[in-house]
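The values are calculated or read from the model by the stated rules, or taken from the named source; none is laboratory data. Computed from a predicted structure; not experimentally measured. Every residue, glycine among them, receives a Cβ derived from its backbone with ideal geometry; neighbour counts consider all protein chains shown.
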Amino acid sequence: MNVSRFLKNVILVELFVPVLLLTIGIYHGLMQVIYRAGVIHQAAVAKLDYYQGLTLHGVINAVVLTTFFAVAFGHATIAFYLKKEPNRKATMLSLILMVVGTLLAAAAMLSGKASVLYTFYPPLKAHPAFYIGTAMLIVGSWVAYWDWAVIYVRWKRDHRDVNTPLAVIGTLVNFTIWFVCTLAVAYEVLVLLVPWSLGWTDGVNVVLARTLFWFFGHALVYFWLLPSYIMFYTMLPKLAGGKLYSGMAGRIAFFMFLILSIPIGVHHQFGDPSIGRGIKLTQSILTFGVAIPSFITAFTIAASLEYAARLRGGKGLYRWIWKLPFFRKDVFLFGYLINGLILFIFGGLTGLVNASYSLNNVVHNTSFVPGHFHLTVAGPVFLAILGMSIFLVSQLTGKKIFLPAINTIIPYLWTVGVLIFSTGLMWGGLMGEPRRTNMGLTYLNPASEQYHSYWVISSMLGLAGGGIMFVAGFLYFIVFFGTFFRKKTAASMIDFPVSESLHEEKRIPLFDTFRPWLLLMGIIILMAYLPAISDALNNTGRKAPPYLPSDPTPILPKK
Amino acid sequence: MIDKFERNVIYTALLVSGLFIFSLFYAMGAKKADVTECLPYDKSYETARVNQIDAHTYQIFYVARMWNFEPSIAYIPVGSEVDLFVTSLDVVHGFNIFNKNTNLMGVPGGVSKTTVKFEEPGVYKVVCHEYCGTGHQNMQAEIIVNYPKK
Amino acid sequence: MQESNNPEKFVPRGAIAFFALLVTLGLIIWFGIYFIMLSRI
């Protein structure tokens, strides 16, 4: 479809800002593995210290990039399927909030005043600009969502008996999850942390802050993942030359995410005091529930790809796989998406381990955790973002892909890197290697009495994998910016591949409406979280004053 | 309403979840495999100390602060059962004895607790695995388990 | 072989095999960590 110059520029800005910042984010990813393997034994490189770099890496890659992309891809999806461009004023407000907020947070991090990591657990304190900037980024994304919700409600009124396109269901489910879960972190940031970081309040209830953060923090990963799922269901079968095995499976999956993404956040807090074990066990069991839509997706996508491969003459129980278009430049998006799925096999399964109550004792806060999440957020999520950003830039600017052959191999190179990296990290984690630690200074420093020689091999694997990932990332930047700077050869447009359904599936109103699901979502959240919040409020013995990461002396108000 | 293979996928996923949940309950009941106990907080937890209850029962009250654990070395005889309590005087710290299944968070205003049985002698390292500031990578304590002098 | 490409008769044997392998891998990984946990108690 044709796109107005306004929407084209908005989407391009919403891709450019995060991708430019991603250069910093990826640089710090590489630096992490270099520090941790003990290649260097320093607290800082080029005036950026380890923990500052880790904060930049986490915030840019996992919050800024993912949020901007979700909004940009959301704009494109809603406009493409509902044939209605977003409201200009709302879109500009959204864009400005997101960009200004990001710049504020980036300034705080780059100036060394926000080395608190992307989880910003109090009582470690960051500069208020970090908290306020992050809040603005999030609120900006809400504005885009509210606008799409209005567009959808109006569209539905005119198309009462038409099944809402699956991609639209996915987008609205995703942002509904996002809006609800970010309410908690917005409260944590704006009510608990900002006044405290300004010195207006004396202490913060740390367990409460953590509980509010993880109300947000787990659902965050589904916010990252669902745009990839939309691509798996609605684009991948078409790219492969086949059809979607079951659109109904997709709907069931998305609505299950809607009700189960949020009421499971406490599985990040199994080691926390003050929260009862009953609630931790309940939320652990609920997490098994949210694994079900992913199992559904694995089967449905496999069946869809099998159908496509058999159409091309694929035979046998698994030989058909080789008939899929892995390296065809004209469907390069296939390569990005299939590699994401391969990584997610391991990412999803290890995620189940992390959330399994007492099993968490084996892995919590060890490098097993980043080993796991680089198979998910740096797996299907990141690869979908890379592939789709190139796709959108090329279509919106009417420019051909730069170095299309390199473009096809980027996801494969990335996948090899992540598999080596995550193997190293997970192995190290099982040997007790801590995450979020500058190991080069002590644990991987032969001159230190804390040297742990058995972490050498695991961190070396991390270094090797991280190095390969860095090369793939570097190639991506070349393709992305190279495409943008080419000559325009086609009209500006958005033309997503749209998968047809394999079977004739009747419209079932229950899976084409939000109200009953929203009600169920609210009920489950209340049942799962009221006890947790109540525990955090009642069992915490004292509040905590702020601390700068560099100073064990608390910042006490001047009396 | 839904394809029969998809339905079987959902049933299989539910079955596997059920198997996992059963295994977790078994471990909880038969092996006491559990996460931290939930105890009411008390200022007395802010004093680091080792208590001996009897010949083979000890309590260690750990206090985490930027950037060390107190007691930084504890001596425990082989065959003892030890209750470990952890709180923090400042920011959030981690507390991990990886080869003893001990994985707790030291949070100001709260106390985490677990129980460990030391059947094997050795030096058990306690590592802080939650970012707690610039000295985080230096934060390690030891529990030395050996045979008591006669 | 044309028959099984007919949407009405398409049986996703390969996907079923893949799913069985996926579940098996999941059980191996999960119980692997489970037994590590039990051995550390």
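Which condition does B:Ile53 not pass, out of (1) free of Cβ contacts under 8 Å to residues at least 24 places away in the same chain; (2) closer than 20 Å to B:Val127 by Cα; (3) of a type in the set (A, V, I, L, M, F, W, C), if it passes all the others?
(2)
When region B:14-38 is examined, which residues are found to be surrounded by 18 or more Cβ atoms within 10 Å (Cβ to Cβ), in a loop (DSSP other than H, G, I, E, B) and not hydroxyl-bearing (Ser, Thr, Tyr)?
B:Ala33, B:Asp34, B:Val35
For region C:19-40, which positions are among the hydroxyl-bearing types (Ser, Thr, Tyr), over 16 Å from B:Leu15 (Cβ atoms) and more than 7 Å from every other protein chain (Cβ to nearest Cβ)?
The answer is C:Ser39, and nothing else.
Say whether the condition of being crowded, with 22+ Cβ neighbours inside 10 Å and on the phi < 0 side of the Ramachandran plot is met by at least one residue in region A:36-45.
Scanning region A:36-45 turns up at least one residue that is crowded, with 22+ Cβ neighbours inside 10 Å and on the phi < 0 side of the Ramachandran plot.
So which helices (runs of 4 or more DSSP H) stay within region A:273-369 end to end and still have 3 or more residues that are without any contact (Cβ under 8 Å) to a residue 40 or more places away in the chain and more than 24 Å from C:Thr24 (Cβ to Cβ)?
Those helices (runs of 4 or more DSSP H) do not exist here; none qualify.
Got a number for residues in region A:1-11 being in contact with a helix residue (DSSP H, G or I) (Cβ under 8 Å, 6 or more places away or on another chain) and either of a type in the set (S, T, N, Q) or surrounded by 18 or more Cβ atoms within 10 Å (Cβ to Cβ) (or both)?
Total meeting the criteria: 5.
Output the residues belonging to region A:500-559 that are more than 30 Å from A:Tyr51 (Cβ to Cβ), part of a loop (DSSP other than H, G, I, E, B) and within 14 Å of chain B (Cβ to nearest Cβ).
A:Leu502, A:His503, A:Glu504, A:Glu505, A:Lys506, A:Arg507, A:Ile508, listed by residue number.
For B:Lys43, which of the numbered conditions (1) surrounded by fewer than 19 Cβ atoms within 10 Å (Cβ to Cβ); (2) in contact (Cβ under 8 Å) with a residue 12 or more places away in the chain fails to hold?
Tallying (1) surrounded by fewer than 19 Cβ atoms within 10 Å (Cβ to Cβ); (2) in contact (Cβ under 8 Å) with a residue 12 or more places away in the chain, B:Lys43 fails exactly one: (2).
Which one of these is in a strand (DSSP E or B), of a type in the set (Ser, Thr, Tyr) and either at negative phi or in contact with a strand residue (DSSP E or B) (Cβ under 9 Å, 6 or more places away or on another chain) (or both): B:Tyr41, B:Tyr11, B:Tyr62?
B:Tyr62
When you go through A:Phe69, A:Phe16 one by one, which is the residue that is surrounded by fewer than 21 Cβ atoms within 10 Å (Cβ to Cβ), more than 18 Å from A:Ala472 (Cα to Cα) and assigned by TED's automatic domain parsing to the domain that holds A:Gly112?
Matching residue, one of A:Phe69, A:Phe16: A:Phe16.
Going residue by residue through region A:390-401, is there one that turns out to be charged (D, E, K, R), at negative phi and away from every other protein chain (no Cβ under 14 Å)?
Yes, region A:390-401 has at least one match.
So, in region A:503-553, exactly how many residues are touching a strand residue (DSSP E or B) at 6+ places or on another chain (Cβ under 6 Å) and either over 30 Å from B:Asn68 (Cα atoms) or modelled with pLDDT under 95 (or both)?
Qualifying residue count, region A:503-553: 0.
Name the one entry in A:Gly467, A:Gly462, A:Gly440, A:Gly428 that is facing another protein chain (nearest Cβ under 9 Å), under 30 Å from B:Gly133 (Cα atoms), not aromatic (Phe, Trp, Tyr) and not in a loop (DSSP other than H, G, I, E, B).
Unique residue meeting the criteria: A:Gly440.
Could you check region A:293-306 and list, in sequence order, the residues that are out of contact with any Pro (no Cβ under 7 Å at 6 or more places or on another chain), within 7 Å of chain C (Cβ to nearest Cβ) and surrounded by 24 or more Cβ atoms within 10 Å (Cβ to Cβ)?
Result: A:Phe299, single match.
Yes or no: B:Val92 modelled with pLDDT of 95 or more, facing chain A (nearest Cβ under 7 Å) and within 27 Å of A:Ser550 (Cβ to Cβ)?
Answer is yes for this residue.
Using the structure shown, decide if A:Gly241 is more than 10 Å from chain B (Cβ to nearest Cβ), surrounded by fewer than 24 Cβ atoms within 10 Å (Cβ to Cβ) and more than 21 Å from the chain's Cα centre (by Cα).
yes
Any residue at all in region A:44-59 that is within 21 Å of A:Phe480 (Cα to Cα), of a type outside the set (Asp, Glu) and within 17 Å of the chain's Cα centre (by Cα)?
So far as region A:44-59 goes, yes, one or more of its residues are within 21 Å of A:Phe480 (Cα to Cα), of a type outside the set (Asp, Glu) and within 17 Å of the chain's Cα centre (by Cα).
If we keep just the residues of region B:83-104 that are among the hydrophobic types (A, V, I, L, M, F, W, C) and in contact (Cβ under 8 Å) with a residue 40 or more places away in the chain, which is surrounded by the fewest Cβ atoms within 10 Å (Cβ to Cβ)?
Looking at the filtered set, the residue picked out is B:Leu89.
Are there any strands (runs of 3 or more DSSP E) wholly within region B:93-150 with 2 or more residues that are hydroxyl-bearing (Ser, Thr, Tyr) and either touching an Asp or Glu at 6+ places or on another chain (Cβ under 8 Å) or assigned by TED's automatic domain parsing to the domain that holds B:Arg49 (or both), and if so which?
Because the criterion is at least 2 residues that are hydroxyl-bearing (Ser, Thr, Tyr) and either touching an Asp or Glu at 6+ places or on another chain (Cβ under 8 Å) or assigned by TED's automatic domain parsing to the domain that holds B:Arg49 (or both), the strands (runs of 3 or more DSSP E) in region B:93-150 that meet it are B:112-118.
Provide a single number: the residues in region B:20-53 that are out of contact with any helix residue (DSSP H, G or I) (no Cβ under 8 Å at 6 or more places or on another chain) and over 30 Å from B:Met66 (Cα atoms).
6
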